[in-house]
Structures are given as structure tokens and as C-alpha cells.
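Notes follow the structure.
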Amino acid sequence: MTLIIDTRTEPERALAVACETLAQGLPVAIPTETVYGLAADATNPDAISRIYEMKGRPRFNPLICHVADFDMARCYVDFDPISQKLAQAFWPGPLTLILPMKPRSGVHPLASAGLDTLGIRMPEGFSRAVIKRYGKPLAAPSANTSGKISPTSAEHVATDLGGKLALILDAGPAEIGLESTIIKVDGDEIRLLRPGGLDVADIEKLTGKTLLRPETAGAAIEAPGMLASHYAPAAAVRLNAADVKPGEALIRFGGAALPGEEKAAVVLDLSPSASLREAAANLFAYMKKADACGATTIAFGPIPSEGLGEAIIDRIERAAAPRDIPEAAT
Ligand code: TXA
Ligand code: MG
């Protein structure tokens, strides 16, 4: 049986039961501002193993460690000056930094997949309160079966992983709706390993540097989870549709009607008022809705590529990618 506690009505009970469950080495689904995470004690190998098992996730794909404050972060990683500046500006928030791990940090190598770097982030909201109370970092990937769309509500988590999970904390729909932006500073270069909920333009403005995008960031793809097709709905996905075929599900943006949409199985608009922030928050829930209507194809209307549009289009492209290399899905 999965226990679901609403953090808005029972915050104290949610904190107490979450900490008890984590101390038993069991994963807990926690609400973060980006997406719901499947969290476990980052220092406990049994607990981390359970995350990989529950998600069906390959063990070479490292997990992000979530911390409550800077003091906790500094116990586990070393900050270079640029990363420090980014963390100070954007934490708590949708930014993950890849940083050198301190020797004998206590984070179990299963969480970092044996790398000498650690993906680290200070989340906003109730999940941060859980980490603060628990007193140790929580390793947490998105709380979905590997290869599926990330959950932006407690219901999404319950539908996907419900039977396997002891506890889900429900804080309502995730505010941002896209996973964190992942950054790695390399000397005086800043690499964007994954576009996400923090707008790249804000990072460029703060640092005065143009980020190196995945295509130009070097030959190897550095966030192992970014290799494969994931965020995959059951339906096929068609990008940048100019029209809609009868029976397709349509997801469009900015109130822009497409020819043929009157014969669509369903028409969903990510943001009728053309707000990319609203579109990001709705994206995963709308993909699930479109999928659930049984259409064999989801057509996406054009979406602007600036700002958060870059991360939105990245996720749609991944949903549209061939599904034959699932090894590194997250
Ligand atoms: O918003 C988020 O980031 C959410 C919430 C729960 O915090 N988490 C999330 O985790 O999206 P996950 O596991 O689904 O994606 C984490 C990505 C993976 O692609 C993984 O390969 C990459 O981060 N990653 C983690 N540690 C890394 C490291 N040391 N070096 C390179 N990439 C790393
Ligand atoms: Mg994921």
C-alpha cells in the first residue's frame, strides 16, 4: 500500500513519516519545483539500489544529490568560483551543477555511478524542508519508470510507481514542470549538459559567457542520461506540425490553430497566452493526456525556441526520438 500525504494540509506528519521512511532505507517520492523526485538517502547503498530497481534504471547513470543548504553542499563537493556564483544566484532552484566530489564525502558510489563528480542541486519548496529535517543529502532522479515522462503531480507518480512505493508526498502540481538545467564548469568554459527549468539566458547574463551547447561542448555526451530516447509517451511524436491528420492528438502553443485540427482526437494548448513558463509547467501533463486519449500520433505545433522554449523543444525532440536505445534513459 502506498501512503500519500498532502504536505499542504499535514506538513508536520509529512516531514516525520518521510524521515522515518528514508531512515529505513526506503525511497520516498518528493515534490520539487521542477518535477517529482524519487528520493533516497545518498549515503545508503541499499536505499539507492532500490531507486534503480524501482525505476528500472541502468546503474551507470548517476543520480543528482539534493541538499538543503550551502553548508551541506560544501561537505560533498568543491566549488569553483563560477559554480559558486551560479549557486549563490540560483539556489534554491532548478539548477544542477556537476562538481568534483570531495574524497570520502560519504555519498555512496552507487549514487554517483562511480564518477568522481557529483550532480548537486538545492531544490525549492517542501523537498528542501525534508532534506533539512533528515540532515543528509537525498539522491533523487525523476520519479518515473526509466524511459517514461517525468511526473509533475503526485497522481502521475502514483499511476506509474504506486504499487512499489511506501510513501508519496503530495504538494500539488510542480511549479516549473521541467527538470533542472544541468551545468558543468570547465576552466573558464561553461557547458550546458541539459537545458531545463532555469533559462540559459539568465546564466549567460550573470556570467557574461555564452554557454557551450551539447553539440559543441565536446565529443562525448557528458550527462549519461541524455544519450537515449526518453520522456517517451506510447504514441509516436511529430514535431513542428504544419497541419493535423484526422485522429492525431494535437498539442499547440500560443492559441495558434492548425489546419485540420477539427478532426484531431484532442486539441491541447500549452499556453493560449503564449507564455513559455506556463507551457513548461503544462508540457508533461499534456503529453500524458494526449497519450491517454489513445491517438497513435501526437502532433506538436511550432514552439518558439528562445528562453525556456529551448528546454521544451529538447524534451519534445527526445519524445520523438527512435525508441531502440533505452539503456541510458532516466
Ligand atoms: O529537476 C531535476 O533535475 C529532477 C529533480 C527530481 O531534481 N531530477 C532529475 O534527475 O531530472 P534524473 O536522474 O532524471 O536526471 C539527471 C541527469 C541524468 O541525465 C544524469 O545522467 C545526469 O543528470 N547526471 C547526474 N550526475 C551526473 C554527473 N556526475 N555527471 C554528468 N551527468 C550527471
Ligand atoms: Mg529522469
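The values are calculated or read from the model by the stated rules, or taken from the named source; none is laboratory data. Not measured: the values here are computed from a predicted model. Cβ placement follows ideal geometry from the backbone for every residue including glycine, while neighbour counts extend to all protein chains displayed. Areas reflect the complete protein model, heavy atoms only, side chains present, ligands, DNA and RNA absent. Shrake-Rupley method; radii C 1.70, N 1.55, O 1.52, S 1.80 Å.
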Q) Of all residues in region 237-253 being within 24 Å of the chain's Cα centre (by Cα) and in a loop (DSSP other than H, G, I, E, B), which is surrounded by the most Cβ atoms within 10 Å (Cβ to Cβ)? A) Phe253
Q: Quick one: in region 46-72, of everything that is surrounded by fewer than 21 Cβ atoms within 10 Å (Cβ to Cβ) and more than 16 Å from Thr145 (Cβ to Cβ), which residue is farthest from ligand 2 (Cβ to nearest atom)?
A: Asp71
Q: Only one of these is within 20 Å of Ala47 (Cβ to Cβ) and within 13 Å of ligand 1 (Cβ to nearest atom): Leu99, Leu115, Leu165. Name it.
A: Leu115
Q) Only one residue in Ala29, Ala111 is crowded, with 23+ Cβ neighbours inside 10 Å, assigned to a strand (DSSP E or B) and in contact (Cβ under 8 Å) with a residue 40 or more places away in the chain, so which one is that? A) Ala29
Q: Run Ala14 past the list (1) open to solvent by less than 10 Å² (accessible area, probe 1.4 Å); (2) within 16 Å of ligand 2 (Cβ to nearest atom) and report the number of the one that doesn't hold.
A: (2)
(Q) Can you find a residue that is of a type outside the set (Lys, Arg) and within 16 Å of ligand 2 (Cβ to nearest atom) anywhere in region 130-139? (A) yes
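Where residues in region 23-36 are touching a Pro at 6+ places or on another chain (Cβ under 7 Å) and not charged (D, E, K, R), which of them is farthest from ligand 2 (Cβ to nearest atom)? I'd like the intermediate steps shown before the answer.
If we filter region 23-36 for residues that are touching a Pro at 6+ places or on another chain (Cβ under 7 Å), which is where we start, we get 32-36.
Restricting the remaining residues to those that are not charged (D, E, K, R) gives 32, 34-36.
Details: Thr32: 12, Thr34: 10, Val35: 8, Tyr36: 10 Å.
So, considering only residues that are touching a Pro at 6+ places or on another chain (Cβ under 7 Å) and not charged (D, E, K, R), the one farthest from ligand 2 (Cβ to nearest atom) is Thr32.
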Q: State all residues of region 135-145 that are buried (at least 20 other Cβ atoms within 10 Å of the Cβ) and either free of Cβ contacts under 8 Å to residues at least 24 places away in the same chain or farther than 22 Å from Thr117 by Cα (or both); if no residue qualifies, say none.
A: Ala143, Asn144
Q: Please enumerate the residues belonging to region 147-182 that are buried (at least 21 other Cβ atoms within 10 Å of the Cβ) and outside any loop (DSSP other than H, G, I, E, B).
A: Ala154, His156, Val157, Asp160, Leu161, Ile168, Leu169, Asp170, Thr181, Ile182
Q. Among the residues of region 254-263, is any open to solvent by less than 40 Å² (accessible area, probe 1.4 Å), assigned to a loop (DSSP other than H, G, I, E, B) and out of contact with any Asp or Glu (no Cβ under 6 Å at 6 or more places or on another chain)?
A. yes
